[in-house]
Amino acid sequence: MAPPIRRRTILAPHVAWVAVAACSILAATLSSAQEARMPAPVPPPPGDAAAAPTVARGAASSDAPTEATAKAADGAPSATPGSALDGTYRLSPGDRLNIVVFGHDDISGEFHIDGAGKIALPLLGQLPAAGRTLEQLQAEMTTALDRDFIVNPRVSIDVLNFRPFFILGQVTSPGRYPYASGMDVRQAVAVAGGFTRRARTSTMVIIREGTAGRIRIEATPDMAVLPGDTIEIERRIF
């Protein structure tokens, strides 16, 4: 009877190993079956999918240029009084300048731009000025003086008197008036005695000399006026 007992002791580990392997295979099979029975992810409703493009389109449209932005890009003047002469004003016949060459009072003083657009200066003679900004005229004077007369000159130029502006149409007293720095259309109308009873008060026309010639600008009462501008106040229909 001893040999059978020894055989059972040897076979027991093999039986246990087979049982463990069978359990592992069964667990893997059950897990795969569970995953197969799980429902697929539900796609979002059609309404939610359409909402995202709508928001994107709204964001993109906010960057699109508005009518006011397009007008500004086309070079329309700023409506902020006082900003019209900041580095953009171009000299023209009728402007009176105060020119200072530091350390040289004999060639400094007040000078007038004549009808030909030139200014007569000591040492330099006739110098073209019309169509230039103050910075450009200052740079040209500095270069000319440094080249022939003065070592490292320092030049400063200011406008003493601007050329007048003109206003016509539906105002009480049309005509020519002195320009004041920072003036807008509303102030120009007040100088001319105000609107008449038949005036169109919401929009008006400014005729301005530009680098490419005379231009017509549709203006509002808050738009800045430049020296030499002609303002037309039109008559309303009703």
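A few notes on this one:
- Answer residue from the stretch 147-187, given it is more than 23 Å from Leu91 (Cα to Cα) and at pLDDT below 95 and is surrounded by the most Cβ atoms within 10 Å (Cβ to Cβ) among those: Ile150
- Taking the stretch 94-143 as the range and being in contact with a Phe, Trp or Tyr (Cβ under 8 Å, 6 or more places away or on another chain) and assigned to a helix (DSSP H, G or I) as the test, only Leu134 passes.
- Those residues of the stretch 188-235 which are surrounded by fewer than 16 Cβ atoms within 10 Å (Cβ to Cβ) and touching a residue at least 60 places away in the same chain (Cβ under 8 Å), in sequence order: Thr211, Thr220, Asp222, Glu234, Arg235
- Screening Ile107, Ile99, Ile119, Ile113 for residues that are within 21 Å of Ser181 (Cα to Cα), out of contact with any Lys or Arg (no Cβ under 9 Å at 6 or more places or on another chain) and modelled with pLDDT of 90 or more leaves exactly one candidate, Ile99.
- Qualifying residue in the stretch 92-111 (condition: in contact with a strand residue (DSSP E or B) (Cβ under 8 Å, 6 or more places away or on another chain), of a type in the set (Asp, Glu) and in contact (Cβ under 8 Å) with a residue 24 or more places away in the chain): yes
The values are calculated or read from the model by the stated rules, or taken from the named source; none is laboratory data. Everything quoted here is computed from the prediction, not taken from an experiment. Counting neighbours? That spans all protein chains shown, and the Cβs are built from the backbone with ideal geometry, glycine included.
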